[in-house]
Amino acid sequence: MRGNLLFYKIPDKKDEHFEKILDFIESKLRIENASRNIKLHRAHRLGRYNSAKIRPITAKFAYYPDREQVRQASKELKGPRMVSRNNTQEM
């Protein structure tokens, strides 16, 4: 899916809200004013909740340039990959 990114290693809580993605983008990726400037169509965890595991989050960006800005900024992070493209096929 062209407009989607997967986010890994973001702590998982039951019944959470996904402003957490925009907070992650602002704090870890250092993109200023992400909560105002970047628009998401939707974001959700993959799979069922399990307190022993951290589920990835898939986020659908409203605008492709926003997605690319986030993806490029994620390359600057040190350590294991935390953001990747979602390359699943649409049905």
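Values in this text are rule-based calculations from the coordinates and carry no lab data. As the structure is a computational prediction, the values presented were derived from the model and not from experiment. Every residue, glycine among them, receives a Cβ derived from its backbone with ideal geometry; neighbour counts consider all protein chains shown.
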What does the extension gain come out to for Tyr64 and His41, with contour length at 0.36 nm per residue minus their alpha carbon separation? 7.1 nm
Taking H placed 1.01 Å from N in the peptide plane, check which residues at least 5 places from Leu40 or on another chain put their amide H under 5 Å from its amide H. Ala62
Helix-only mean residue ellipticity at 222 nm, the chain, DSSP H runs n ≥ 4 weighted -39,500 (n - 2.57), per residue, nearest 500. What is it? -7000 deg cm²/dmol
Listed pairs Lys13/Lys78; Lys14/Lys60; Lys53/Lys78; Lys28/Lys78; Lys39/Lys75 exceeding 18 Å between Cα atoms: Lys13/Lys78; Lys14/Lys60; Lys53/Lys78; Lys39/Lys75
Which residues does the label zone of Leu77 cover in segment 12-49, counting backbone N under 14 Å from a point 7 Å along Cα→Cβ? 12, 20-31
According to a simple spin-label model (label point 7 Å from Cα along Cα-to-Cβ), what is the distance in nm between Tyr49 and His17? 1.6
The chain: C-alpha gyration tensor shape, a/c 1.5 cut-off, then a/b vs b/c: rounded
Just need the relative contact order of the chain here, percent rounded to a whole number, with Cα pairs under 8 Å and 6+ apart. 45
